[in-house]
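Since the structure comes first, as structure tokens, the remarks are kept for the end.
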Amino acid sequence: MTKPAYKTMGQQFGRRSWAEPWKIKMVEPIRIPGRGQRKKALIEAGYNTFLLPSEDVYIDLLTDSGTSAMSDRQWAGIMLGDEAYAGSRNFYHLEKAVQQYYGYRYVVPTHQGRGAEHMISQQCITKGQFVPGNMYFTTTRLHQELAGGSFVDVIIGQAHDPTNLHPFKGDVDLDKLEYLIKKEGAEKIAYVSLAGTVNMAGGQPVSMANVKALRILCNKYGVKIYLDATRMAENAYFIQQREEGYADKSVADILKEFCSYTDGAWMSAKKDHLVNIGGWIAVNSYDLFDALRNMVVVFEGLHTYGGMAGRDMEALSIGIAESVQDDHIHARVMQVQYLGELLIDWGIPIMRPVGGHAIFLDAKCFYPHISQDEFPAQTLAAELYLDSGVRSMERGIVSAGRDPATGDHRRPALELTRLAIPRRVYTQAHMDVVAEAIKAVFDKREQTRGLKMVYEPKVLRFFQARFEPLS
Ligand code: F0G
């Protein structure tokens, strides 16, 4: 098998190849369950990869969330946990790291991203308001809806086309946004919910030019911008690589500049920040901070721990500094690109350009004979596990859920199966194995049939839904 030559990024770094800026000090054995075991596990899991025990998984690409390998420095930080109920020294380290790298004034810790989403949604949305954003994310939109808001997608149209090669497919369509503000009135807009990179669009970045223009537009109407900063370090790397004027700036500087155009951010630290649990909200308004700090004690924990242990906050503060190192983020994104280029070379349909955290297989193209109501992306995730023990997840009609007003399935244009790459966990050899497994499933795509849903939870159904093969 020939490996792809790195034409673009490798050349920019003046060398033919790249390698991770670390060596491995400790390993966790993994095993390949036999085919009989995989079949049994898949049936018991109702063909939903979320319901598989991890012991039955070989290479786990379900998510890049909370699955990173921590550094020796972070593990050392774990030993420095100050487990005081109030005022833990580790909280002050965290607060300082967020202020230093993201530039916001006030910080409230939370147990993970959705704790932060719950609070920002409850504080900033009143019933009947609209929340425009650059494509929905499952938990984000649910919290916006639970607060009485309606999410409106204002991402550029190119984001909905897996073959379009726009370098910043996460950009907001400013005309769409302005149309909505004018039509509904600025007072009906809760805030702009901006995410970088955009998970459901394939890990696609937002450009600096776009966020600058967005700031100007929002100032005109007095609308706030809150940022889902979950994968903003990866977004900053893409700006450095792709946007004019940023090639000589560090990822850390780009990240801080980007945040300066927004009014605050929430974070699932389980991604960029290289920890297994954690999150935060940071804002510039004292009044909003005060309200969030009041609320956090009800739902998460005291405002100096927000659901994390002192040791978690220490590992997190160290992770924040590591996450914006240029050599780290380069190797992280290049590993994803490596897998993507192998698949592209073999003619396998994936979302392009390759994003920052994951490969998204285009299940509609993979299985043109399976209708969206027969869950092609769910089918593909199940087939891939069955073939090789590689775990991925559905990001299509199941993830999109039902429209609360009509009760119908939401039918997203993108029907994708995501293979998210944990940070600092797998090697290039693992990526080769994954690519070959996808190829094997692709080669027998015509014999594959879809699924029917036999159990459907009310909210966030993709986590626990159960399926059976169509006979
Ligand atoms: N925002 C984005 C963009 C996310 O990707 C996630 C989680 C969250 C918010 C919620 O954060 O999980 O810490 O509560 N994404 C995970 C994933 C689950 O697999 O993409 P959380």
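Only the coordinates and a few stated rules stand behind these numbers; no lab work does. In this text the structure is predicted, and so the values were computed from the model without any measurement. Neighbour counts run over all protein chains shown; Cβ positions are idealised from the backbone, glycine included.
Structural remarks
- Whole-Hz couplings from phi, Karplus 6.51/-1.76/1.60, listed for segment 114-130; x for Gly and Pro: 6, x, 5, 5, 4, 5, 5, 5, 5, 7, 10, 10, 10, 3, x, 7, 9
- Taking amide H positions as modeled 1.01 Å from N, with prolines and chain starts lacking one, the residues under 5 Å from VAL152 and 5 or more places away or on another chain are VAL131, GLY133.
- Placing +1 on each Lys and Arg Cβ and -1 on each Asp and Glu Cβ, with no other charges, gives segment 72-323 a dipole about its Cα centre of roughly 300 debye.
- Only Lys, Arg (+1) and Asp, Glu (-1) charged, at Cβ; the chain dipole about Cα centre in debye: 320
- Compared with the alpha-carbon gap, the fully stretched path from PHE463 to LYS96 is longer by 128.6 nm at 0.36 nm per residue.
- Around the amide H of THR110, modelled in the peptide plane, lie the amide H atoms of GLY279, TRP280, ILE281, all under 5 Å away and 5 or more residues distant in sequence or on another chain.
- With eigenvalues of the C-alpha gyration tensor scaled by 5 and rooted, the chain, Å: 32, 27, 23
- Within segment 37-64, backbone nitrogen closer than 18 Å to the virtual label 7 Å beyond the Cα of VAL454 toward Cβ: 38-53
- The packing ranking of peptides 187-195, 430-438, 413-421, highest mean first, is 413-421, 187-195, 430-438, where packing means the average number of other beta carbon atoms within 10 angstrom of each residue.
- Mean silhouette area of segment 72-323, derived from the convex hull of its C-alpha atoms and averaged over all directions, reads 12.8 nm².
- Summarised in one figure, the compactness ratio Rg/Rh of segment 85-174, Cα atoms and Kirkwood Rh, is 1.08.
- 3J(HN,Hα) along segment 391-398: 9, 10, 9, 6, 9, x, 5, 5 Hz, from the Karplus curve 6.51 cos²θ - 1.76 cosθ + 1.60 with θ = phi - 60°, whole Hz, x for Gly and Pro.
- When the charge dipole of the chain is built from unit charges on Cβ atoms (+1 for Lys and Arg, -1 for Asp and Glu) and taken about the Cα centre, the candidate among ALA435, TRP75, HIS166 whose Cα reaches farthest toward its positive end is ALA435.
- Computed from phi, the 3J(HN,Hα) profile of segment 279-296 under the Karplus parametrisation 6.51, -1.76, 1.60 (θ = phi - 60°) reads x, 6, 10, 9, 9, 9, 7, 5, 5, 5, 4, 4, 5, 5, 5, 5, 6, 4 Hz, with x in place of Gly and Pro.
- Note on the chain: helix-only mean residue ellipticity at 222 nm, from DSSP H runs of 4+ residues weighted -39500 (n - 2.57) and normalised by residue number, equals -12000 deg cm²/dmol.
- Positive end of the dipole of segment 72-323 (Cβ unit charges, origin at the Cα centre): among GLN99, LEU274, PHE130, the Cα lying farthest that way belongs to PHE130.
- Residue pairs exceeding 23 angstrom between C-alpha atoms, taken from LYS176/LYS220; LYS39/LYS271; LYS96/LYS270; LYS364/LYS452: LYS39/LYS271.
- Multiplying the residue separation of SER285 and THR163 by 0.36 nm and removing their Cα-Cα distance gives an extension gain of 39.9 nm.
- Highest average first, the peptides 142-152, 398-408, 66-76 ordered by how many other beta carbon atoms sit within 10 Å of their residues are 142-152, 66-76, 398-408.
- Segment 318-385 and segment 19-97 have Cα centres lying 19 Å from one another.
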